[in-house]
1. Please express the shape of region 89-160 as an equivalent ellipsoid: the semi-axes are the square roots of 5 times the eigenvalues of the C-alpha gyration tensor, given largest first in whole angstrom.
2. If the chain between Glu49 and Gln87 were fully stretched, how many nm would it gain, using 0.36 nm times the residue separation less the Cα-Cα distance?
3. Expressed as a rounded percentage, what relative contact order does region 84-204 have, with Cα pairs under 8 Å and six or more residues apart?
4. Among all the aspartates and glutamates, which ones have a C-alpha under 16 Å from Lys110's C-alpha, if same-chain residues fewer than 8 places away are not counted?
5. What is the Cα radius of gyration of region 1-101 over 2.2 N^0.38 Å, N being its residue count?
6. Whole-Hz Karplus ³J(HN,Hα) for region 44-55, in order, using 6.51 cos²θ - 1.76 cosθ + 1.60 and θ = phi - 60°, x for Gly and Pro?
7. Points 7 angstrom from Cα along the Cβ direction at Asp57 and Arg6: gap in nanometres?
8. Please work out the average accessible area per residue across region 1-148, using the 1.4 Å probe convention, and give it in Å².
Amino acid sequence: VAVGNRMNVRTTALLTDMNQPLGRMIGNTVEVEESIATLQGKGPEDLRELALALGTDLLVSVDAAANPDEATQLLSQHIDSGRAMEQFQKMVSGQGGDLSVPRLVAPKSKLVAERSGYISAINTQQLGQVVVELGGGRRVKSDTIDHGVGLEMHVRIGDEIAAGRPLLDIFAKSAAAAAVRDKLAAAIRISDKPPTPLALIVKN
């Protein structure tokens, strides 16, 4: 921010929580699907909240809105009216893409909680590493990416859960999913007491 402003470029930033995944999806195709759902007004609340916050900051920064409330209202109207999705479709089409083409996702299996309690911590780095291990990211430049693998979170920090309740879905072939189950279970900590609630936007 300081460097940008010194170069006479109006620059702002939001510091956001990364102690748990934003939205519910982790992976290539599943995140695209979630983003499209958000543009259609059907995405998870935290993803919509942050998208509106970033968009609001941008509109105010370039004087396209008089104040944050006006900017947020305008952006919300664009989502709810379908205009945001329409513009996204034009952007994709302009680059030779076609949103009507099916986006394939790997087979799904569930990981359930082994005990009851409260979700007290989620190791997001470990979740990301598991997706890479499944083929959703590159370890070296020559690796081929499997866009269909990923994870879907069913719990958030602070949730009270019972043993046997789904923690997440794994999108991968059965053998690959079985190989990462222990790592995924270890990435989600369940405690006897509820944790302190987390703020999505820490500072702006």
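The values are calculated or read from the model by the stated rules, or taken from the named source; none is laboratory data. The shown structure was predicted, so the numbers you read here are calculated from the model rather than taken from an experiment. Cβ: placed from backbone, ideal geometry, glycine included. Neighbour counts: every protein chain shown. Just so you know, the surface numbers come from the protein's heavy atoms only, side chains and all, with ligands and any DNA or RNA stripped out. Shrake-Rupley method; radii C 1.70, N 1.55, O 1.52, S 1.80 Å.
1. 31, 18, 12
2. 11.7 nm
3. Result for region 84-204 is 36 percent.
4. Filter leaves Glu152, Asp169, Asp182.
5. 1.21
6. For region 44-55, the Karplus-derived couplings read x, 4, 5, 5, 5, 4, 6, 4, 5, 5, 5, x Hz, x marking Gly and Pro.
7. So the label points at Asp57 and Arg6 sit 2.0 nm apart.
8. Per-residue value: 63 Å².
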